[in-house]
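Data first, discussion second: the structure below is written as C-alpha cells.
The values are calculated or read from the model by the stated rules, or taken from the named source; none is laboratory data. Bear in mind that the values here come from a model prediction, so they are computed numbers and not experimental data. Backbone-built Cβ (ideal geometry, glycine too); neighbour counts: all protein chains shown.
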Amino acid sequence: MHSNDDMREIHEECGVFGVYGVPDAASLTYYGLHSLQHRGQEGCGIVSVSPDGVFRRVKGEGLVTEVFNGDRIASLEGMMSIGHVRYSTTGGGGIENVQPFLFRHNTGDFALAHNGNIVNSKELRRYLEDRGSLFQSSSDSEILAHLIKKQSYDRNAPRIFAIEEALNMIEGAFAFLVMTSGRLYACRDKYGLRPLSLGRLGDGYVVSSETCAFDVIGAEFIRDIEPGEVVTIDHHGIRSRRYSEFRKHDMCAMEYIYFSRPDSDIEGRNVHSFRKETGRLLYREAPADADIVVGVPDSSLSAAMGYSEASGLPYEMGLIKNKYIGRTFIQPSQALREKGVRMKLSAVKTIVKDKRVVLIDDSIVRGTTSRRIVRMLRDAGAREVHLRIASPPIKTPCFYGVDISTYDELICARKQTAEVCESLGADSLAFLSTGALFEAGRRSELCLACFTGEYPTALYQSIEEANKESKN
Ligand code: SF4
C-alpha cells in the first residue's frame, strides 16, 4: 500500500518475520516479508539455517521482489528462517545496516532481526566498546548481539539467560527475533510499543510484526507476544518466559492510525475497524456542513468511510492514487510539479466540482502533503474544503523507531489549529481527541507521545538534544 511515496511524511523503521519447523522456511519468509513491505522499502534480507546447522543469508537494498529471485530463495535451505524489511532511520542507510545480522560466536552462531529503536544505545555502545566489543554497523541490533555474546561469556549458562539479561539492559521500543541453529526466540519490549504476533503453520510456528502476513501464507494466529516476554520456539514446541516484572501495554498509536495494514489485527483490534471508528468519532467531535466525504488514499480511506456512515454524507472517490509507481519511477521535477504534473494523486474533477468537501486524512506531519491536496481539490473546482484529521496534532518527535520529522518541521508543534488551517488553505480544520483513540482501540493504554510529549520510557537525553541529533 504505502509504496516509497513522496506523499508520505512518516516512515516506520522495520518489519520482522520468522518461521520455525516448516519446510521451505525461506520461501514462506519471502511471502511474509512481501506482505510487510509497507513497513520498510529500503532493504531486506533473509537468513535460514539448514538441518546441519549452516546459516545462509541473502540481503540487499531495495524491495523484496527486487532483492530475491527463485535461485536466491532456493539457496536458503532449511526449516528455520528469519527475515527483515527495513526503512533506514537509526544507523542510516547502506548495505551493512540491512538485516538480519549474522554473528559467529564460539558458543554458537546466531542471527538477529529487529524492529524499533533502543533509546539508551549510546550508553550501551560505550559500555560495550569499553569492554572490547567492535561494531560493524550503526544498527541497534548489533548492540543486542554484543550484549548476548558478552552475557554468554560471563555466565557460561544457557543462551536464554544471556538473552534475558541483554533484554533487561536495553530500553526502548523493540520486537526482536533471535535465531540459533535449533531455536527461534521472539521478544517484545516491556512497554509493548512495537507489535509482534505468533502463529501456527502445519507442525511449525511463525512470528510476524503484523498478522496480515499470517493470512498470506495460510498460518493461524495463536496470540500476540506479550510485553516483556521472550517466547522460545524449538523441537519441544513453544515456551514463554517473562524477562521483566515491569509491563505496560503502550502500543504505538501510529500503528493503528497509519502504519499497519488494514487487514492486520493489533492486540485483538482490527486496524480497518479501528480507523473506521476514529472516522465516526471524528464526526461526533467535529461535524462539518458539507456535500461529500473524501479520504486521502490509502491509509485514510477507512476513517473516511466511518465519517461518511456517521454523518450520512456520501463517501466519494474524489482523489485517485496511481498504484503503479515503483521505486524506479522517474519522479517529476519540482518545475514540472509546479506546472501541474501530478503522478501520485489526482483529484477527480467531475466528482468534486462545486461540492463542499470533507477531506479526511489520518495525520498531519509537516503539512506539505495536506496543503497540496487541499490546493488540488480547489483547483478541481471544490467549493469548500473542510479538513478533518483522524488523529490528534503531532507536536513532538518520536524516539521509538518512527521517523517523524523534527520539531522545526512539525507544523502543529508551535502553531494553533486556526493558524495551521490558514497555512493549509482549508475552510476549517479539526483533529481527533486522544480520548477517541482509546475508545476506537477499545483499550486503556497506548503510546501517544508524539501527540502529548509524554514519553513512556526514559529518553537518556533531553528532547532538544535528541531532536538535534535526529536532524544530523
Ligand atoms: S511517539 Fe508516536 S509514533 Fe512514536 S511510538 Fe509513540 S505513538 Fe508511535
Sole exception among (1) in contact with a helix residue (DSSP H, G or I) (Cβ under 6 Å, 6 or more places away or on another chain); (2) crowded, with 21+ Cβ neighbours inside 10 Å for VAL47, by number: (1)
Verdict on SER181 being part of a loop (DSSP other than H, G, I, E, B), away from the ligand (no atom under 16 Å from the Cβ), touching a Leu at 6+ places or on another chain (Cβ under 9 Å) and farther than 25 Å from CYS450 by Cα: no
Looking at the stretch 192-213, which of its residues are basic (Lys, Arg) and farther than 25 Å from GLY172 by Cβ? ARG200
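Determine if the stretch 388-409 includes at least one residue that is among the hydroxyl-bearing types (Ser, Thr, Tyr) and at pLDDT 95 or above.
Within the stretch 388-409, the first condition is being among the hydroxyl-bearing types (Ser, Thr, Tyr), and the residues that meet it are 391, 396, 400, 405-407.
Narrowing the set further to residues that are at pLDDT 95 or above leaves 391.
Yes, the conditions are met somewhere in the stretch 388-409.
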Out of all the residues in the stretch 406-426, which are without any contact (Cβ under 8 Å) to a residue 60 or more places away in the chain, assigned to a loop (DSSP other than H, G, I, E, B) and surrounded by fewer than 19 Cβ atoms within 10 Å (Cβ to Cβ)? LYS415, GLN416, GLY425
So ARG125, is it surrounded by 22 or more Cβ atoms within 10 Å (Cβ to Cβ) and either without any contact (Cβ under 8 Å) to a residue 12 or more places away in the chain or farther than 20 Å from ASP224 by Cβ (or both): no
Report those strands (runs of 3 or more DSSP E) wholly inside the stretch 185-230 carrying at least 3 residues which are within 16 Å of the ligand (Cβ to nearest atom), over 17 Å from the mean Cα position of the chain (by Cα) and crowded, with 21+ Cβ neighbours inside 10 Å. none
Report, by residue number, each residue of the stretch 430-462 that is under 24 Å from LEU124 (Cβ atoms), polar (S, T, N, Q) and more than 14 Å from the ligand (Cβ to nearest atom). GLN461, SER462
Residue pairs, Cβ under 8 Å, 6 or more apart or interchain, first in the stretch 185-208 and within 19 Å of GLU164 (Cα to Cα) and aromatic (Phe, Trp, Tyr), second more than 14 Å from the ligand (Cβ to nearest atom) and assigned to a strand (DSSP E or B). List them. TYR185/PHE176; TYR185/LEU177; TYR185/VAL178; TYR185/MET179; TYR185/VAL230; TYR185/VAL231; TYR185/THR232; TYR185/ILE233
Output the number of residues of the stretch 274-295 satisfying the condition of being surrounded by fewer than 16 Cβ atoms within 10 Å (Cβ to Cβ) and under 25 Å from the mean Cα position of the chain (by Cα). 0
Do we find that SER244 is in the same structural domain as PHE103 (by TED's automatic domain parsing), assigned to a loop (DSSP other than H, G, I, E, B) and farther than 27 Å from GLY21 by Cα in this structure? yes
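Out of all the residues in the stretch 347-357, which are over 12 Å from VAL296 (Cβ atoms) and not in a loop (DSSP other than H, G, I, E, B)? It would help to see each step written out before you state the result.
Pass one, the stretch 347-357, residues over 12 Å from VAL296 (Cβ atoms): 348-356.
LYS349, THR350, ILE351, VAL352, ARG356 - these are the residues of the stretch 347-357 that are over 12 Å from VAL296 (Cβ atoms) and not in a loop (DSSP other than H, G, I, E, B).
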